[in-house]
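What follows is a single structure, written as structure tokens, with notes after it.
The values are calculated or read from the model by the stated rules, or taken from the named source; none is laboratory data. Everything quoted here is computed from the prediction, not taken from an experiment. Here the Cβ is made from the backbone with ideal geometry for all residues, glycine too, and neighbour counts use every protein chain on show.
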Amino acid sequence: MSRIGKKPVELPSGVEASVSGQTVTVKGPKGQRQFTATDDVSIAIDGNVVSVQPRGKSKRARQQWGMSRTMVANLVTGVTDGFKRELEIQGVGYRAQMQGNKLVLNLGLSHDVNFEVPQGVTVTTPKQTEIIVEGIDQQLVGQVAANIREWRAPEPYKGKGIRYKDEYIFRKEGKKK
């Protein structure tokens, strides 16, 4: 039995959900999102509660049960609170700034990096060494943050690069004479 799948998803006030076939649509104050579940699960709405049940005893049905419930919960969280990833830049001369819809990164390369921000995500730079990625789609927010981090991943000797706010970088000792 899935412990996650058994738990119903409660809809807070101001959030509406509807099911048509296998597609769940959730509308909230921040926008609208939808998820299409596989045929291995059935999704039902009772008042302000969304519940997911498996359609069989197969292993695949049990796998999809917990995953589908989590996806519906992420839709509700996205349209109410949204998702956020914070990045910080460390290194002498490394900085970031927004110019319209582009994030301009100075990362010690021979050129500035112009990162085009995709639709559905907002990127802000409160300081030159902080980047905040926000949106209602958890997957898209995480992917954009990973793409920004990829330009200069933190290195283990000096710790220079772009890292997540809560990330720990294992530091190595350099060569000795």
Quiz prompt | Among the candidates Q99, Q119, residue that is under 20 Å from the mean Cα position of the chain (by Cα), surrounded by fewer than 18 Cβ atoms within 10 Å (Cβ to Cβ) and not β-branched (V, I, T) | solution = Q119
Quiz item: strands (runs of 3 or more DSSP E) wholly in the stretch 62-159 with at least 2 residues that are touching a residue at least 40 places away in the same chain (Cβ under 8 Å) and in contact with a strand residue (DSSP E or B) (Cβ under 8 Å, 6 or more places away or on another chain) - which ones?
Solution: 83-90, 102-106, 130-135
Quiz item: Among the strands (runs of 3 or more DSSP E) contained in the stretch 6-49, which hold 1 or more residues that are closer than 23 Å to T122 by Cα and among the aliphatic types (A, V, I, L, M)?
Solution: 23-28
Quiz item: Only one of (1) over 30 Å from P12 (Cβ atoms); (2) among the small types (G, A, S); (3) outside the structural domain of P154 (by TED's automatic domain parsing) fails for A73. Which number is that?
Solution: (1)
Exercise. Test each condition in (1) surrounded by fewer than 16 Cβ atoms within 10 Å (Cβ to Cβ); (2) over 16 Å from R85 (Cα atoms) for L107 and report the one that comes out false.
Key: (1)
